[in-house]
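A.B. asks: Quick one: structure below, then a few questions.
The values are calculated or read from the model by the stated rules, or taken from the named source; none is laboratory data. Just so it is clear, the model here is predicted, and its values are computed rather than measured. Note: ideal-geometry Cβ built from the backbone for every residue, glycine included; neighbour counts use all protein chains shown. Note: accessible area is taken over every heavy atom of the protein model, side chains too, but ligands, DNA and RNA are not part of it. Shrake-Rupley method; radii C 1.70, N 1.55, O 1.52, S 1.80 Å.
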Amino acid sequence: MVALKTAGEIEAMAAAGAVVARALAATRDAARPGVRLTELDEVAHAVLREAGASSPFLGYQPSFAPAPYPGVVCLSVNDAVLHGPPSHYALRDGDLLSVDCGATLDGWTGDAAISFCVGRTSAGDAHLLERTEAALAAGIAAAQPGARIGDISAAIGRIARAAGLGLHTDFGGHGVGRTMHESPHIANDGRPGRGLTLRPGLTVAIEPWFLAGGQDAYLVDDDGWTLRSADGSRGAHFEHTIAVTEDGPRMLTGPVARPLAREGGPGPRFC
Ligand code: MF3
Ligand code: CO
């Protein structure tokens with residue numbers, strides 16, 4: 001059952017999405033070498049609290065998870081790419097960090113993720129980050145009224161394959177609304193012209209995650225949450241919640257403001 005949202009409901013979702021975008025920007029700004037992941041979770045939590053929003057991540061326990069999720073953000077470092085719980089790990093120069101955040105405001109939810117390097121960005125990481133973000137943009141661009149779910153999936157999968165990046169169809173996009181995970185599922189690969197027809201009022205999260213090693217195999221840590229590449233290569237993850245409208249896709253969780261370049265710090269493009 002796919003629930004279409006009214007224009008007013010989409011506005012309410014955009015308000016929740018704006019909180020997500022602010023929390024992600026604040027988390028990225030705070031992510032420096034030496035900072036612990038638990039401190040970043042606190043930064044995001046403060047943004048949600050100040051906005052009067054709650055976290056759909058905190059305490060969430062989907063069927064695959066052995067324990068409730070312990071944070072308001074997922075913080076996945078280097079070969080970890082999804083669902084990393086906030087740990088006491090202190091970030092190091094050159095780490096690739098993926099931050100996934102949700103917020104529920106006035107009963108409506110937004111879900112988005114960004115990836116970036118802390119400090120220096122290697123050429124390999126820059127390529128992985130740029131192609132994964134490009135896949136998100138292509139997936140969003142495919143979310144036109146009258147198109148199909150498979151068009152979004154195919155747009156994402158095509159970019160991973162062309163770039164030689166690892167791609168897995170587990171943990172793709174999903175409907176978002178009153179709750180974080182609704183129908184339909186949006187695999188990160190598929191055939192154009194197949195699947196549900198996209199109608200105005202459909203609200204979904206689109207979330208490509210790619211692995212630099214070109215292999216799709218992944219492992220899950222003993223914590224039951226952290227998903228990392230089997231080959232040890234780095235992963236990247238970008239996500240936005242969008243609405244399909246008569247005029248095309250509308251981003252509800254952003255854009256996430258880019259920080260200004262810092263002296264001696266990363267350039268403005270990826271970090
Ligand atoms: N963007 C992630 C997803 O859709 C958010 C879930 S993280 C969790 O799967 F920790 F809350 F499970
Ligand atoms: Co999501």
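A.B. asks: Given a Förster radius of 41 Å and the C-beta distance between residue 179 and residue 122 as r, what FRET efficiency does 1/(1 + (r/R0)^6) yield to the nearest 0.05?
C.D. replies: Between residue 179 and residue 122 the formula returns 0.60.
A.B. asks: Using a Gaussian network model on the chain with a 10 Å cutoff between Cα atoms, which of 111, 189, 221 fluctuates the most?
C.D. replies: 221
A.B. asks: At a threshold of 8 angstrom on Cα-Cα distance, excluding pairs fewer than six apart, so keeping six or more, what relative contact order does the chain reach in percent?
C.D. replies: 23 percent
A.B. asks: Next question. Using 0.36 nm per residue of separation minus the Cα-Cα distance, give me the extension gain between residue 158 and residue 29 in nm, one decimal.
C.D. replies: 43.3 nm
A.B. asks: Here's something else I'd like to know. Any idea how far apart residue 49 and residue 199 come out in nm if each label point goes 7 Å out from Cα toward Cβ?
C.D. replies: Result for the modelled spin labels: 4.2 nm.
A.B. asks: If one computes the Cα centroid of the range 60-113 and of the range 227-254, what distance in Å separates the two points?
C.D. replies: If you average the Cα positions of each part, the centres end up 14 Å apart.
A.B. asks: Report, to the nearest whole %, how much of the accessible area of the range 76-223 belongs to carbon and sulfur atoms, 1.4 Å probe, protein only.
C.D. replies: 50 percent
A.B. asks: Using the heavy atoms of the protein chains and a 1.4 angstrom probe, tell me the accessible area per residue for the chain in square angstrom.
C.D. replies: Here the residues of the chain average 41 Å² of exposed surface.
A.B. asks: Any number yet on Rg/Rh for the chain, C-alpha, Kirkwood?
C.D. replies: Ratio of gyration radius to Kirkwood radius: 0.94.
A.B. asks: Sticking with this structure for a sec: For the chain, what does the helix formula give at 222 nm: sum of -39500 (n - 2.57) over DSSP H segments with n ≥ 4, over the residue count, nearest 500 deg cm²/dmol?
C.D. replies: It comes out at -9000 deg cm²/dmol, rounded to the nearest 500.
A.B. asks: Using the Kyte-Doolittle scale, find the helices of the chain whose mean hydropathy is at least 0.5 and whose Cα atoms extend 30 Å or more along the helix's long axis, counting only whole DSSP H runs.
C.D. replies: Membrane-span-like by this criterion, though nothing is claimed about a membrane: 7-30.
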